[in-house]
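Peer 1: Can you keep this structure in mind? I'll have questions shortly.
The values are calculated or read from the model by the stated rules, or taken from the named source; none is laboratory data. Just so you know, these numbers come straight off a predicted model, no measurement behind them. Quick reminder, even Gly has a Cβ in these numbers, built from the backbone with ideal geometry, and neighbours come from all protein chains shown. We work out accessible area using only protein heavy atoms, side chains counted, and drop any ligands, DNA or RNA first. Shrake-Rupley method; radii C 1.70, N 1.55, O 1.52, S 1.80 Å.
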Amino acid sequence: MAELLTAEQIDQFRAHIAHIEHPRELIIDLLRAVQDKHGWVPDEGVELVAGLLGLTPLEVEEIATFYDKIYRRPVGRYPIHICDSICCWSRGGEALAEHLQKSLDIAPGETSADGLFTLLPTCCLGVCGRAPAMMIGRESYGPLNNEDVDRVLAELRQEAQA
């Protein structure tokens with residue numbers, strides 16, 4: 001398996017850990033660093049984070065599985081979080097989710113055949129004023145219609161080919 005964090009990253013985290021009262025507050029930062037480098041957080045990533053913070057793997061796993069933006073299994077290059085809150089649904093989110101499923105030929109939780117997109121429903125993206133919305137990576141999009149979704153997907157496909 002590829003290196004989960006660089007030696008420099010580990011040294012930086014250790015230095016930070018040494019200077020804070022509650023190291024467990026860095027769980028998400030460390031999990032995100034592993035995910036940014038590896039694409040998702042494998043068991044070895046949970047163990048690495050636990051070891052750095054002086055926690056058990058179970059303590060880290062409890063946090064990792066609570067947050068739906070931490071991936072504990074492989075995902076596509078562009079994970080798409082489609083908001084399924086009442087606010088988004090009342091403004092056309094259900095139709096938007098159906099359009100994404102048809103466009104990508106996948107069901108929620110699946111990854112497209114080209115490995116680019118994983119469709120993940122999420123309970124709220126916190127952008128209710130821009131409903132219906134989706135988040136790809138760490139960028140939020142909304143309000144959206146089918147044409148907007150098609151444009152974003154086309155741009156990401158082009159980016160992936162570059």
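Peer 1: Which loop-located GluC sites (Glu not before Pro) does segment 69-162 contain, where loop means any DSSP state but H, G, I, E or B and the Cβ has at most 15 other Cβ atoms within 10 Å? Each step should come with its number before you reach the end.
Peer 2: Values: sites: Glu94, Glu98, Glu110, Glu139, Glu147, Glu155, Glu159; in loops: Glu110.
Of the GluC sites (Glu not before Pro), the ones in loops of segment 69-162 whose Cβ has at most 15 other Cβ atoms within 10 Å are Glu110.
Peer 1: Which distance in nm do the two modelled labels at Asn146 and Ala107 give, with both placed 7 Å along the Cα-to-Cβ direction?
Peer 2: 2.2
Peer 1: Still on this structure, I have one more. I'd like to know how the chain sits against the 2.2 N^0.38 Å rule of thumb: what's its Cα Rg over that expected value?
Peer 2: Details: Rg = 17.6 Å, N = 162, 2.2 N^0.38 = 15.2 Å.
Against the empirical 2.2 N^0.38 Å value, I get 1.16 for the chain.
Peer 1: Roughly how many debye, to the nearest 20, is the charge dipole of segment 1-107 about its Cα centre, given +1 on each Lys and Arg Cβ, -1 on each Asp and Glu Cβ, and no other charges?
Peer 2: Working: 10 positive and 18 negative charges, 71 e Å.
Computed about the Cα centre, the dipole is about 340 debye.
Peer 1: Given axes a ≥ b ≥ c from the Cα gyration tensor, I'd like to know whether segment 1-94 is rounded (a/c under 1.5), prolate (a/b larger than b/c) or oblate. Walk me through the numbers on the way to the answer.
Peer 2: Values: a/c = 2.46, a/b = 1.85, b/c = 1.33.
Prolate is the answer for segment 1-94, as a/c is 1.5 or above and a/b outweighs b/c.
Peer 1: Nearest 0.05, what FRET efficiency do Thr65 and Glu3 give at R0 = 22 Å with Cβ-Cβ as r? Numbers along the way, then the final one.
Peer 2: Values: r = 24 Å, r/R0 = 1.07.
For R0 = 22 Å, the calculated efficiency reads 0.40.
Peer 1: Give the separation of the Cα centroids, segment 52-101 to segment 1-23, in Å.
Peer 2: So the separation of the two Cα centres works out to 25 Å.
Peer 1: Just the accessible area per residue of the chain, please: how many Å² with a 1.4 Å probe?
Peer 2: Numbers: 8890 Å² over 162 residues.
Result: 55 Å² of accessible area for each residue.
Peer 1: While we're here: Share of segment 1-68's accessible area from carbon and sulfur, percent, 1.4 Å? It would help to have the intermediate numbers written out before the result.
Peer 2: Numbers: 2130 of 4050 Å².
Carbon with sulfur: 52 percent of the solvent-accessible area.
Peer 1: With a cap of 11 neighbouring Cβ atoms within 10 Å, and only residues DSSP puts in a loop, list the trypsin sites (Lys or Arg not before Pro) found in segment 43-139. The partial results should precede the final answer.
Peer 2: On the way: sites: Lys69, Arg72, Arg77, Arg91, Lys102, Arg130, Arg138; in loops: Lys69, Arg72, Arg77, Arg91, Arg138.
Here the trypsin sites (Lys or Arg not before Pro) that fit, given the DSSP loop and packing criteria, are Arg138.
Peer 1: Moving on. Per DSSP H run of n ≥ 4, the term is -39500 (n - 2.57); total these for the chain, divide by its residue number, and report the mean residue ellipticity at 222 nm rounded to 500 deg cm²/dmol.
Peer 2: Numbers: 7 runs with 78 residues, N = 162.
Helices in the chain give a 222 nm mean residue ellipticity of -14500 deg cm²/dmol.
Peer 1: For the charge dipole of the chain, defined by +1 on Lys and Arg C-beta atoms and -1 on Asp and Glu C-beta atoms about the Cα centroid, which residue among Leu48, Val60, Ser90 has the Cα displaced farthest towards the positive pole?
Peer 2: Ser90
Peer 1: State the antiparallel share, in %, of DSSP beta bridges confined to segment 1-146, rounding to the nearest 5.
Peer 2: On the way: 7 of 13 bridges.
For segment 1-146, the DSSP antiparallel bridge percentage is about 55.
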